[in-house]
Amino acid sequence: MRSYFKNVSRIRYEGPKSKNPLAFRHYNPDARVEGKTMKDHLRFSVVYWHTFRGTGIDPFGVGTAIRPWDDGTQSVRNAQNRVRVAFEFMEKLGAPFYAFHDRDIAPEGANLRETNRNLDAVVKVLKEEQQRTGIKLLWGTANLFGNPRFVHGAATSCNADVFAYAAAQVKKAIEITHELGGAGYTFWGGREGYSTLLNTDLKREQEHLAKFLHMAVDYKKKIGFKGQFYIEPKPKEPTKHQYDSDAAACLNFLREYDLLKHFKLNIETNHATLAGHTMQHELEVAGAAGALGSIDANTGDELLGWDTDQFPTSVYLTTQTMLTILKYGGFTTGGVNFDAKVRRESFEPIDLFYAHIGGMDAFARGLKIAAAIRKDGRLADFVTKRYSSWDSGIGRKIEQGQVGFVELEKYMLEKGEAAPNTSGRQEFLENLINEFI
């Protein structure tokens, strides 16, 4: 097979003092942190859509990306060749996982039957490359937003035939994910929302979405797929409002329709900020509900109010992220999935390596710093002491459900006034974090 990255060797760990831009300074896959290797903690995944299908196109200009392996056709042969290029890249990078949309890996045909044949032809090559390299599928998903048929949504479309088509497409996507040994399957409602309520039956659309997800759960059981199902929150883009707007909204929806036991959340940084939250907030909301499953690792630009999907390089961000992930026990089926794209100005193939190396190093540093903070113990001790009034006395009785309003009124009438508050010491804690960064 022809090599398209022949001037790049396998990316190695060379340590913090290395000046080699094609080496890791902090990500040492075999180094152990809190009893696990970095590779097992982080479970890095490369996305097919941005890394191998992104062209650099934006609303003001055509694509700029130079991709010498792509012949410009929508042929199955070109798609199969792209698979081999992708695995060469991932093998040299040392990424253990990848993720895809069905329409990333294979072109659509004239009808659903032909489209499925195209998928099967490309999946055959994916399977061969997985066996050759040992790289695994983190999760698959279906693109239910790109084709004009999904103009009004997919599972929430006002057109019942579109709902049926989406169901058939997801059925196939789950099947190929299962065939490839995928660790999970993600649902992202790209157009599951509305642009105006003037033409929208919101209640009916949400009920249809719940029916769709229950059908997926039933089919997953039928074929014996053991992978984890994920929902990925996003508040807007391309619709004005999407039903999976943030972690809390997703959890509420899953509880309302008796789906929570079947799903965890795949949290993305840029989606969190679009929802007006921090990544750590969204992770904490998911973790507190026992629904933290995986993450899409990227970041946005604070000066731009849209989903820029930049590679994560902020060590503060990765430290906060890993603090929460470690707090809730780490990844099992999920991982750190680089849903990020190189900038339009970074158009050469080598830029794909620079971008992923930087993101992997940033998360490796975040992991090491988070582990050091946890080992130090001062942050955890402060939080424990701050809530110590709940560990005994009236606080413990409240948490155990032993008192109500009558008893609490009696308690305060006898005591006269609440115990004085203590300082939250935000600045002190921020300084503490800075000690490690």
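The values are calculated or read from the model by the stated rules, or taken from the named source; none is laboratory data. Please read these numbers as outputs of a predicted model, since none were measured by experiment. FYI the Cβ positions are ideal-geometry reconstructions off the backbone, even for glycines, and counts take in every protein chain you see. All accessible areas refer to the heavy atoms of the entire protein, side chains included, with ligands and DNA or RNA removed. Shrake-Rupley method; radii C 1.70, N 1.55, O 1.52, S 1.80 Å.
Quick check, is residue 163 open to solvent by 10 Å² or more (accessible area, probe 1.4 Å) and in contact with a His (Cβ under 7 Å, 6 or more places away or on another chain)? Steps first, answer last, please.
Values: open to solvent by 10 Å² or more (accessible area, probe 1.4 Å): yes; in contact with a His (Cβ under 7 Å, 6 or more places away or on another chain): yes.
In short, yes.
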Open item on the list: Could you go through the stretch 180-199 and let me know if any residue there is open to solvent by 70 Å² or more (accessible area, probe 1.4 Å) and within 21 Å of residue 262 (Cα to Cα).
Closed with: no
Open item on the list: Restricting to the stretch 128-148, give me the number of residues that are part of a helix (DSSP H, G or I) and open to solvent by 70 Å² or more (accessible area, probe 1.4 Å).
Closed with: 4
Open item on the list: Is it the case, given these coordinates, that residue 125 is crowded, with 18+ Cβ neighbours inside 10 Å, within 27 Å of residue 231 (Cβ to Cβ), among the β-branched types (Val, Ile, Thr) and over 25 Å from the mean Cα position of the chain (by Cα)?
Closed with: no
Open item on the list: Within the stretch 24-36, does at least one residue satisfy the condition of being among the charged types (D, E, K, R) and within 29 Å of residue 176 (Cα to Cα)?
Closed with: no
Task: Close pairs (7 angstrom Cβ cut-off, 6 or more residues apart or separate chains): open to solvent by 70 Å² or more (accessible area, probe 1.4 Å) and at pLDDT 95 or above in the stretch 407-426, assigned to a helix (DSSP H, G or I) and β-branched (Val, Ile, Thr) anywhere - done: 411/394
TODO: Would you mention how many residues in the stretch 329-354 are over 15 Å from residue 53 (Cα atoms) and in a strand (DSSP E or B)?
DONE: 2
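From the list 357, 398, which one is open to solvent by less than 40 Å² (accessible area, probe 1.4 Å), over 30 Å from residue 431 (Cβ atoms) and either modelled with pLDDT of 95 or more or assigned to a helix (DSSP H, G or I) (or both)? Outline the logic, then answer.
Working: 398 fails: open to solvent by less than 40 Å² (accessible area, probe 1.4 Å).
Among 357, 398, only 357 is open to solvent by less than 40 Å² (accessible area, probe 1.4 Å), over 30 Å from residue 431 (Cβ atoms) and either modelled with pLDDT of 95 or more or assigned to a helix (DSSP H, G or I) (or both).
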- [ ] Give me the pairs, please: first residue somewhere in the stretch 285-312 and in contact (Cβ under 8 Å) with a residue 24 or more places away in the chain and over 16 Å from residue 343 (Cα atoms), second residue anywhere and open to solvent by 20 Å² or more (accessible area, probe 1.4 Å) and part of a loop (DSSP other than H, G, I, E, B), beta-carbon distance under 6 Å, and either six or more positions apart or on two chains.
- [x] 287/328; 292/328
TODO: Take the residues in the stretch 2-18 that are in contact with a Lys or Arg (Cβ under 9 Å, 6 or more places away or on another chain) and within 23 Å of residue 319 (Cα to Cα), then tell me which one is surrounded by the most Cβ atoms within 10 Å (Cβ to Cβ).
DONE: 13
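Go through the residues of the stretch 369-391 one by one and say whether even a single one is open to solvent by less than 50 Å² (accessible area, probe 1.4 Å), within 30 Å of residue 9 (Cβ to Cβ) and among the aromatic types (Phe, Trp, Tyr). Can you show your working first?
Going through the stretch 369-391, the residues open to solvent by less than 50 Å² (accessible area, probe 1.4 Å) turn out to be 369-373, 377, 379, 382.
If we keep only those that are within 30 Å of residue 9 (Cβ to Cβ) too, we end up with 369, 371.
Imposing the further condition that a residue be among the aromatic types (Phe, Trp, Tyr) reduces the set to none.
Scanning the stretch 369-391 turns up no residue that is open to solvent by less than 50 Å² (accessible area, probe 1.4 Å), within 30 Å of residue 9 (Cβ to Cβ) and among the aromatic types (Phe, Trp, Tyr).
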Task: Pairs where the first residue, in the stretch 125-142, is in contact (Cβ under 8 Å) with a residue 12 or more places away in the chain and the second is of a type in the set (Gly, Ala, Ser) and open to solvent by 30 Å² or more (accessible area, probe 1.4 Å), C-beta under 9 Å, 6+ apart - done: 127/181; 130/181; 136/181; 137/181
Open item on the list: Condition (residue is more than 17 Å from residue 230 (Cα to Cα), modelled with pLDDT of 95 or more and hydroxyl-bearing (Ser, Thr, Tyr)) applied to the stretch 146-164: is it met by at least one residue?
Closed with: yes
